[in-house]
1. Quick check: residue separation of Phe184 and Ala397 times 0.36 nm, minus the Cα distance between them. What number comes out in nm?
2. Using 0.36 nm times the number of residues separating Arg73 and Lys363, minus their current alpha carbon distance, what extension gain do you get?
3. Fewest first, what order do Lys87, Lys276 take by the number of other Cβ atoms within 10 Å?
4. Report relative contact order for the stretch 368-457 in percent, whole number only (criteria: Cα-Cα under 8 Å, sequence separation at least 6).
5. Show me, for the stretch 354-366, the HN-Hα J-couplings you get by feeding each phi into the Karplus relation (A = 6.51, B = -1.76, C = 1.60, θ = phi - 60°), rounded to Hz, glycine and proline as x.
6. Taking the Cα centre of each part, how many Å lie between the stretch 428-499 and the stretch 77-119?
7. Within the stretch 132-157, name every residue whose backbone N is under 18 Å away from a label modeled 7 Å from Cα of Ser93 along the Cβ vector.
8. When a footprinting reagent is the concern and you count Cβ atoms within 10 Å, what order do Thr271, Thr462 take, fewest first?
Amino acid sequence: MKRNDFDFSQPNKQSYAAIVFLAYHFFRILVRQLWPVLIAVLVGRENLKNMLFWIIAGISVLVFVFAVISYLRYYFYIDNDELVVVKGIFKRSRTNIPFQRIQTINIEQSILHQLLQVAKLEVDTAGSKGTEFSFSALSMAKAEALRQVVLEQKSKILPLPQTSGVEKISGSELALQTILHLSFSELIRIGATQNHLRSLLIILAFFMTLYNQVEDIGVDTDQVVDQINEEVVYFGKIAIIILGLMSVLASFTFSLIRTIIRYYDFTLFRTNDGFKIVSGLFTKKQISAKDHKIQYISWADNPLKRLLGLYDVYLKQASSSEVRDTKSISIPGCNSKNVERIKFYYVSPEEWKDLKNFKISGKYIYVRVLYFGILPAIILGSLMLFTDFKIYSLLTALWPLLVYLAFRVNHKKWNFAINHELIYIRNGIFGNYFKALRLYKIQSMALRQSIYQRKHQLATITIYTASGNINIPYVHLDLAKDICNFVLFKIESDKRKWM
């Protein structure tokens, strides 16, 4: 169906499939409220267990009735540049969302959505900590049409600012230009180059949580742990090696599976006013990132990604601090050409010219070595005096040298550049991290000085944006003041809207 086939000026209902999702929603609420009763029935007397079937049947009937009533009393329409939603079972509520407050409208499809040929539509608004509201199940055609109508009428009310010198694609948002599509083999490469240490920490956190929950229900976990310790001691180094290999294999497998589930069939499109991403194995999501909402872009690699020439690109969107991480759109598996293309959509090639490069002070290394190398080594070395682990004492003695080498590499990579249009930042230790930020997107600038920095005429520049803060450490004080004054002047004199 086409967009014109839907009349959103009249009350519209969701798809009949919404009853299924509403029933699931009410069922979860009832289970959360009644789980103590259900547990009492399961562990109680035999006659109570016989009532379990009738209890579940009663809950199911109640949930179905609530779902049907909620479906019948839920409708939406567009009135005077507002999206109006009316809902409620016992008490009716009416929500009016002005188009100018709507930031993004995203479409999501779980496996059940796909089977029922419907989609979940989420509406984010300015100032909200999360999704303002969502439609449980709309037909795909209606969801696309509603999003298109709202965004087009919003653009008439608030003309979008020109964000770069790149020519826009003509036509509607649906006139898509494919920038990147990830095949299954590329997903394998991306999964193999993920941060496996982070995956291992997630696995450990899961088992620690599981350990506590098992302990709470009365299982003697101490006995299990003692038995494992005895096995490790008995088999000695072989057990340690096996556990190490199992940990590596588990973290690698977890990273691979997580990547495939999250980025399956990943496609990045360019629209006439931003980017659109479609991805997901079990839950297929459509996410839009409008040019005017992107505050800055960043891209990064790690040693494994660098071997394959891959980068992860992040589009940092304006958001509240509570949901900042969820508003950062990740684009994995980009090669250098993909990065250049995305980068030039954000800032045109001409605006990258005449960048003036600067380095941070070498005293950055000494302070980092003191805090992260020498002081920890002194504390750990003092504790090692009371133990017989000489090998750990050797590692403790070498620790400041390792930290020094790491931050020497970090200092060598740390540089930033600025011209009349943007700030470009590069840093990293093992990996490389890049940021590009248009000056008019900056909300404010600040200088901070520690006691050590004041003594050596140094300062840290803090850049405040609607998508988080960026720090440039250990800049010579006069240069830091000049940069802050210049950027503040550009902010005040530039008439373009930052969002």
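1. Values: separation 213, 0.36 × 213 = 76.68 nm, distance 4.61 nm.
Contour length minus the Cα-Cα distance gives 72.1 nm.
2. Values: separation 290, 0.36 × 290 = 104.40 nm, distance 6.61 nm.
Going from the current span to full extension adds 97.8 nm.
3. Ascending Cβ contact count within 10 Å gives the list Lys87, Lys276.
4. Details: 77 pairs, mean separation 16.7, N = 90.
Reported as a whole number, the value is 19 percent.
5. For the stretch 354-366, the Karplus curve yields 6, 6, 9, 8, 9, 10, 8, 5, x, 5, 4, 5, 5 Hz.
6. Each part reduced to its Cα centre gives a spacing of 39 Å.
7. 132-137
8. On the way: Thr271 21, Thr462 16.
Sorted ascending by nearby Cβ count, the order is Thr462, Thr271.
All of the numbers you see were taken from the coordinates with simple rules; none came from a lab. All of these numbers come straight from a predicted model, not from anything done at the bench. Cβ coordinates were reconstructed from backbone atoms using ideal geometry, including for glycine residues, and neighbour counts include every protein chain displayed.
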